[in-house]
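Encoded as structure tokens, the structure appears first; notes follow it.
The values are calculated or read from the model by the stated rules, or taken from the named source; none is laboratory data. Since this is a predicted model, take the numbers as computed values, not measurements. So basically every Cβ, Gly included, is an ideal-geometry build from the backbone, and we count neighbours across all protein chains shown.
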């Protein structure tokens with residue numbers, strides 16, 4: 001489904017990702033974990049070619065993007081296969097929830113307008129937001145906006161959904177509704193790659209975890225084991241540091 | 001106080017027939033300014049360096065010179081250098097001069113309005129494989145229009161008042177007629193006050209119309225009663241016990 005080979009990304013002169021190799025199987029959930037600034041989001045963005053690779057290649061569902069040879073056609077092919085959910089939702093502010101979900105279907109010519117709107121309504125109902133379909137993003141809570149954003153991503157029936165810290169911008173009490181929506185997609189075996197700091201969530205829904213630090217993959221393997229906090233090495237220090245915060249008075 | 005109130009009132013009947021010419025100049029100049037402003041903005045945002053330079057030069061030039069000087073250059077100066085402009089009607093010269101001048105302001109307003117639409121929405125659209133041109137027309141432009149409206153309205157308000165400069169080209173519009181009436185009657189205060197009041201009323205009416213338009217266009221961006229559905233009831237205290245198991 002996804003194959004990343006010898007991928008390096010430099011932003012300006014700074015190497016952000018170094019020689020990344022990774023495979024994601026169809027129907028699985030992969031969680032990228034690691035400290036802030038480690039390159040997780042850059043790796044996720046590279047899978048959608050929002051970030052151009054400096055070296056190596058990214059393959060999504062058979063479409064290969066090789067550094068230095070990335071045409072508009074390749075970008076279109078990769079993006080046809082993947083859809084992204086952003087930390088800040090990034091909904092189109094001038095469109096209602098329904099119009100947001102229908103927009104890619106209409107503007108890409110995937111469906112006629114009426115069929116696109118019907119599909120959008122169905123997907124909004126799937127994420128539990130049928131009743132706010134005609135509201136504008138500004139009138140929705142953060143959690144609702146993020147679920148609309150997830151609906152927009154799944155409406156185009158991508159082969160893989162990429163989620164960049166989908167709950168980081170939410171108030172704590174709104175996080176769970178979004179996590180439940182993502183878990184429901186995982187139960188349908190939709191391929192997903194997500195960047196998250198929600199360790200318990202990642203442990204429960206991810207098949208594979210990838211620990212990234214300083215632009216390198218330091219560890220990867222089954223999520224339940226890798227994120228248990230019992231593994232030797234740096235990852236356990238990281239996982240345990242997230243879960244055991246003690247503040248001295 | 002020697003204020004002739006009945007003369008003041010009688011002036012309106014003589015001045016109002018010149019309102020249409022004032023409005024015609026303002027509206028046509030504004031349309032010209034909007035079209036030119038959009039072209040200049042597209043030049044400013046392009047990657048083609050000579051076009052960017054041209055836009056910057058144009059904006060700098062037309063913002064940097066007094067309006068009256070520009071009108072004189074067009075009406076009196078151009079025919080001297082280019083005979084083809086000889087006999088250009090004063091109305092056309094005024095419209096072109098005012099349109100060119102205001103386009104330089106509008107280009108900056110439009111550029112800022114486009115820049116104020118956050119990049120995240122463009123990025124989200126791109127990630128969904130929507131073409132940039134379609135994103136521009138369906139996502140960026142509608143939002144930029146709303147953002148640009150107040151400042152564009154201010155430009156139009158200035159333009160309505162600047163049409164009074166056309167009297168200097170010999171065009172009889174609202175202010176020029178007032179000037180003649182004042183000269184005839186020597187009642188300068190009453191006459192210029194009546195002229196000022198008419199401009200003021202025009203601008204009040206326009207401002208009211210603009211506020212209606214702004215209200216209509218701002219509907220998507222207005223926060224109304226917040227809707228929180230049942231699935232978003234606070235769950236913080238249960239987070240550690242929540243199960244997300246997939247099988």
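Okay, here's what the table says:
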{"read-out": "Segments classed as helices (runs of 4 or more DSSP H), wholly inside the range B:78-151, with at least 1 members that are within 9 Å of chain A (Cβ to nearest Cβ), in contact with a strand residue (DSSP E or B) (Cβ under 6 Å, 6 or more places away or on another chain) and surrounded by 20 or more Cβ atoms within 10 Å (Cβ to Cβ)", "value": "B:119-127"}
{"read-out": "Those residues of the range A:157-185 which are farther than 21 Å from residue A:145 by Cβ and in contact with a strand residue (DSSP E or B) (Cβ under 7 Å, 6 or more places away or on another chain), in sequence order", "value": "A:159, A:160"}
{"read-out": "Residue match in the range B:25-32 (condition: outside any helix (DSSP H, G or I) and without any contact (Cβ under 8 Å) to a residue 60 or more places away in the chain)", "value": "no"}
{"read-out": "Test result for residue A:138, within 11 Å of chain B (Cβ to nearest Cβ) and closer than 23 Å to residue A:29 by Cα", "value": "no"}
{"read-out": "Single match in B:194, B:182 (criterion: without any contact (Cβ under 8 Å) to a residue 40 or more places away in the chain and surrounded by 15 or more Cβ atoms within 10 Å (Cβ to Cβ))", "value": "B:182"}
{"read-out": "Subset of the range A:155-164 (residues that are outside any loop (DSSP other than H, G, I, E, B) and in contact with a helix residue (DSSP H, G or I) (Cβ under 6 Å, 6 or more places away or on another chain))", "value": "A:155, A:161, A:162, A:164"}
{"read-out": "The range A:165-180 - residue that is in contact with a helix residue (DSSP H, G or I) (Cβ under 6 Å, 6 or more places away or on another chain) and surrounded by fewer than 23 Cβ atoms within 10 Å (Cβ to Cβ) and, of those, farthest from residue A:238 (Cα to Cα)", "value": "A:173"}
{"read-out": "Complete set of residues in the range A:9-40 that are over 17 Å from residue A:60 (Cα atoms), surrounded by fewer than 20 Cβ atoms within 10 Å (Cβ to Cβ) and touching a strand residue (DSSP E or B) at 6+ places or on another chain (Cβ under 7 Å)", "value": "A:10, A:15, A:18, A:19, A:35"}
{"read-out": "Which listed residue, of A:109, A:143, A:128, is facing another protein chain (nearest Cβ under 8 Å) and assigned to a loop (DSSP other than H, G, I, E, B)", "value": "A:128"}
{"read-out": "Meets criteria (within 14 Å of chain A (Cβ to nearest Cβ), at pLDDT 85 or above and more than 30 Å from residue B:63 (Cβ to Cβ)) for residue B:182", "value": "no"}
{"read-out": "Hey, residue A:241 loosely packed, with under 15 Cβ neighbours inside 10 Å and part of a helix (DSSP H, G or I) or not", "value": "yes"}
{"read-out": "Some residue of the range A:45-58 being part of a strand (DSSP E or B) and in contact with a helix residue (DSSP H, G or I) (Cβ under 9 Å, 6 or more places away or on another chain)", "value": "yes"}
{"read-out": "Selection count, the range A:38-66, where residues are more than 15 Å from the chain's Cα centre (by Cα) and free of Cβ contacts under 8 Å to residues at least 40 places away in the same chain", "value": "5"}
{"read-out": "Hits in the range B:144-179 - residues which are free of Cβ contacts under 8 Å to residues at least 60 places away in the same chain and closer than 30 Å to residue A:50 by Cβ", "value": "B:144, B:147, B:148"}
{"read-out": "Every residue from the range A:79-106 that is facing chain B (nearest Cβ under 7 Å) and either in a strand (DSSP E or B) or farther than 15 Å from residue B:126 by Cα (or both)", "value": "A:83, A:84, A:88, A:93, A:94"}
{"read-out": "Failed item in (1) touching a helix residue (DSSP H, G or I) at 6+ places or on another chain (Cβ under 8 Å); (2) without any contact (Cβ under 8 Å) to a residue 24 or more places away in the chain, with residue A:142 passing the rest", "value": "(2)"}
{"read-out": "Subset of the range A:225-238 that is modelled with pLDDT of 80 or more and not in a loop (DSSP other than H, G, I, E, B) - its residue that is surrounded by the most Cβ atoms within 10 Å (Cβ to Cβ)", "value": "A:226"}
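Conditions (1) more than 9 Å from every other protein chain (Cβ to nearest Cβ); (2) within 12 Å of the chain's Cα centre (by Cα); (3) farther than 22 Å from residue A:48 by Cα, marked per residue:
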| position | (1), (2), (3) |
| --- | --- |
| A:149 | no, yes, no |
| A:152 | no, no, no |
| A:156 | no, no, no |
| A:165 | yes, yes, no |
| A:168 | yes, no, no |
| A:173 | no, no, yes |
| A:176 | no, no, yes |
| A:180 | no, no, yes |
| A:185 | yes, no, no |
